[in-house]
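Working notes, structure below.
The values are calculated or read from the model by the stated rules, or taken from the named source; none is laboratory data. If you're wondering where the values come from, they're calculated on a predicted model, not measured in any experiment. Cβ atoms come from the backbone with ideal geometry, glycine included; neighbour counts cover every protein chain shown.
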Amino acid sequence: MYDFNRLEGRKALVHGGGVMASKMAEQLGIETKMVQGRRITDEETLKLVIMVYAGWINKNIVASLQKIGCNAIGLSGADGNSIPSVKRSPVPIDFGFVGDPDPEKANAEFISQLIESAVTPRFCAITHDGNGSLLNTNADTVAYTVATALSKKNTAPRSITASRKREFCVTWTIRQALLNL
C-alpha cells in the first residue's frame with residue numbers, strides 16, 4: 001500500500017482476491033474449479049467471491065489506505081454503474097457468472113468525479129450486467145477497462161493499478177490504454 005500511496009497524481013486501485021477465495025472455498029467445502037487459470041463461477045462460488053472481494057478484501061484495503069493518508073473508497077463495478085459487463089458466452093467454455101466489461105460502457109464520469117474530489121476509487125473484481133446480477137471479473141481486465149474509459153477524459157488518472165497478493169502487478173498508464181485501443 002505504501003508504494004501505491006507514493007504514486008504521484010491521481011490514481012485508482014483494482015484488486016481481485018482469487019487466492020483468498022480459493023482458501024475460503026476449501027474451508028466451506030465448496031469445490032474450486034479452474035480452466036486455463038480462470039475460475040468457473042457457479043452460484044455458490046459467486047456468493048463466495050462477492051463476500052471475499054467486495055467485502056473483506058475491499059474494506060481492509062480501504063482501511064489500510066486510510067491509515068497511510070490515502071483517502072479511498074471501496075467499490076464494485078455495480079456501484080455508481082461504474083463497470084457494467086456482459087455475462088461471458090458459454091461457448092467454448094461455460095465459466096458461469098463471469099463478466100466481460102466494455103470500456104465504452106464504463107461510467108467514466110462517475111469515476112472521474114471521485115478522482116477529481118481527491119478520493120481514490122478502489123475497485124474489486126465484481127461487475128454487474130445491468131439486470132440485477134453481479135459477475136466475477138478478472139481484475140486485470142477491470143483495470144484495463146477503467147484506464148481505457150478514463151483515457152478519453154481530461155481528468156484521467158496517471159495510473160490504474162491492479163494488485164495481486166499485496167504486490168502491484170499491472171499498472172495501466174493512460175498512454176498504454178490508448179495504445180491498446
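A few points about this structure:
- From Leu65, Leu48, Leu13, residue being part of a helix (DSSP H, G or I), aliphatic (A, V, I, L, M) and in contact with a strand residue (DSSP E or B) (Cβ under 7 Å, 6 or more places away or on another chain): Leu65
- Between Leu13, Leu7, Leu75, Leu46, the distinction of being modelled with pLDDT under 95, under 13 Å from Ala125 (Cβ atoms) and aliphatic (A, V, I, L, M) belongs to Leu13 only.
- Residue check, Ser163 crowded, with 20+ Cβ neighbours inside 10 Å and either under 26 Å from Met34 (Cβ atoms) or at pLDDT below 95 (or both): yes
- So Glu104, is it surrounded by fewer than 20 Cβ atoms within 10 Å (Cβ to Cβ) and within 16 Å of Lys11 (Cβ to Cβ): no
- The residue of region 18-43 that is modelled with the lowest pLDDT, among those that are in contact with a strand residue (DSSP E or B) (Cβ under 9 Å, 6 or more places away or on another chain) and of a type in the set (A, V, I, L, M), is Val19.
- Hey, Ala21 within 21 Å of Asp140 (Cβ to Cβ), not in a helix (DSSP H, G or I) and not aromatic (Phe, Trp, Tyr) or not: no
- Considering residues of region 121-133 that are surrounded by fewer than 21 Cβ atoms within 10 Å (Cβ to Cβ) and touching a residue at least 24 places away in the same chain (Cβ under 8 Å) only, the residue farthest from Val49 (Cα to Cα): Gly130
- Answer from Ile73, Ile57 - the residue that is more than 14 Å from Ala25 (Cβ to Cβ) and either in contact with a Lys or Arg (Cβ under 9 Å, 6 or more places away or on another chain) or assigned to a strand (DSSP E or B) (or both): Ile73
- Within region 134-145, the set of residues being part of a strand (DSSP E or B) and hydrophobic (A, V, I, L, M, F, W, C) comprises Leu134, Leu135.
Yes/no matrix, rows are residues, columns are (1) without any contact (Cβ under 8 Å) to a residue 24 or more places away in the chain; (2) more than 26 Å from Met34 (Cα to Cα); (3) of a type in the set (D, E, K, R):
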residue: Val52; (1), (2), (3): no, no, no
residue: Ile57; (1), (2), (3): no, no, no
residue: Ala63; (1), (2), (3): yes, yes, no
residue: Ala78; (1), (2), (3): no, no, no
residue: Pro84; (1), (2), (3): no, no, no
residue: Ile93; (1), (2), (3): no, no, no
residue: Gly99; (1), (2), (3): no, no, no
residue: Ile111; (1), (2), (3): no, yes, no
residue: Ala118; (1), (2), (3): no, yes, no
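- Residue match in region 85-94 (condition: among the charged types (D, E, K, R), surrounded by 21 or more Cβ atoms within 10 Å (Cβ to Cβ) and within 13 Å of Asn136 (Cβ to Cβ)): no
- Residue satisfying all of: in region 1-45; hydrophobic (A, V, I, L, M, F, W, C) and under 17 Å from Val62 (Cβ atoms); surrounded by the most Cβ atoms within 10 Å (Cβ to Cβ) among these: Val14
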